[in-house]
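The values are calculated or read from the model by the stated rules, or taken from the named source; none is laboratory data. Please read these numbers as outputs of a predicted model, since none were measured by experiment. Quick reminder, even Gly has a Cβ in these numbers, built from the backbone with ideal geometry, and neighbours come from all protein chains shown.
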Amino acid sequence: MSDIPSFPYDILWRERTVCSVANLTRRDGEEFMTLASSFPIKTSVQTFPFREANEALTHLRTGKLQGAAVLTMA
Amino acid sequence: MMQAMVLDSAQTSLRETTLPRPKLGEGQILVRVCACAVCRTDLQVADGELPNPKLPLILGHEVVGRVIEAGKSAERFKAGDRVGIPWLGWTCGECRYCRSGRENLCEKAKFNGYTLDGGYAEYMATDERFCFSIPESYSDVHAAPLLCAGLIGYRSLVKAGDAERLGIYGFGAAAHIVCQIAKHQGRKIFAFTRPRRTGTPGAQSRCPWRNRGLRRHSHE
């Protein structure tokens, strides 16, 4: 992760906030799946046989993926 | 027995190997893995950038699978049910975070594909309380990225409150899902990307406003 660049205080003034997220709660998951059932979310995927997990990781590392890499079981 | 891709130590390739099927603990379900998405966090774990991985380790925390068997006192799912298994695999339920709706910050939390074995394998045993049902309209493969990229994007979106305008910085797997939700909710989205970036999911098909340039692009 790179450092967050500095910025003028003006941008944060008027009680604006900077916030991060970590992990998930089960509530997030339940809410999100309910939302996902209410309209179709399209995910772009590039599949790899599960034995090619190393290749999938390399593709992710080098930015070669067209979409999210997904391992599939035979 | 089962086939698995195992990380023996940081900065080494995963090794294909045969392992015993995981044994079921109390409250756990045995899941036959159908699809498992690959997350950038998997790279960080494999590279040794996260401090405390279980080793040897089976990576993977965006898992879609079918329940094979329910363990003792596991009652939420039955054999044949489809489940999604995310990053959060166990929490203590007792600490100040768990008791205040912030179990994501539990200091004793265990994570699939990091401190617990994950989904780069044929089978996975997991605590059923942390699994989700997946809407039937999604295929296994297309549902898998919902389980981390989708969830963390959703959590970020909720944190942004009811803002009418959203800025998305970088455009990877999480962004390509969260912008569809935000658009569905009628919000304006601004995406900021680096020029000539490759590997941007859905950039052409669903996000026509996003060009590969330094300029800011918007979509209403």
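Look through the range A:51-74, keep the residues that are at the interface with chain B (Cβ under 7 Å from one of its Cβ atoms) and part of a helix (DSSP H, G or I), and return whichever of them is nearest to the chain's Cα centre (by Cα). The selected residue is A:Leu60. Restricting attention to the range A:25-74, which residues are small (Gly, Ala, Ser), surrounded by fewer than 18 Cβ atoms within 10 Å (Cβ to Cβ) and touching a Lys or Arg at 6+ places or on another chain (Cβ under 9 Å)? Answer for the range A:25-74, where residues must be small (Gly, Ala, Ser), surrounded by fewer than 18 Cβ atoms within 10 Å (Cβ to Cβ) and touching a Lys or Arg at 6+ places or on another chain (Cβ under 9 Å): A:Gly63, A:Ala74.
Taking the criterion of being away from chain A (no Cβ under 12 Å), over 30 Å from B:Arg76 (Cβ atoms) and touching a residue at least 40 places away in the same chain (Cβ under 8 Å), the residues of the range B:7-57 that qualify are B:Asp8, B:Ser9, B:Ala10, B:Leu55. In this structure, is B:Arg40 within 27 Å of A:Ser44 (Cα to Cα), at pLDDT below 95, under 17 Å from the mean Cα position of the chain (by Cα) and surrounded by 14 or more Cβ atoms within 10 Å (Cβ to Cβ)? Here the answer is yes, as B:Arg40 does meet what is asked.
Within the range A:41-50, being facing another protein chain (nearest Cβ under 7 Å) and assigned to a strand (DSSP E or B) holds for A:Val45, A:Thr47. Taken as a whole, the structure leaves A:Glu30 outside the set of residues that are over 17 Å from the mean Cα position of the chain (by Cα) and farther than 16 Å from B:Leu147 by Cβ. Residue under question is B:Arg32, and the condition is that it be basic (Lys, Arg), more than 21 Å from the chain's Cα centre (by Cα) and surrounded by 14 or more Cβ atoms within 10 Å (Cβ to Cβ); does it hold? So B:Arg32 does not fit the description; no. Only residues that are under 19 Å from the mean Cα position of the chain (by Cα) and farther than 20 Å from B:Ala4 by Cα were counted across the range B:52-80, and they come to 1.
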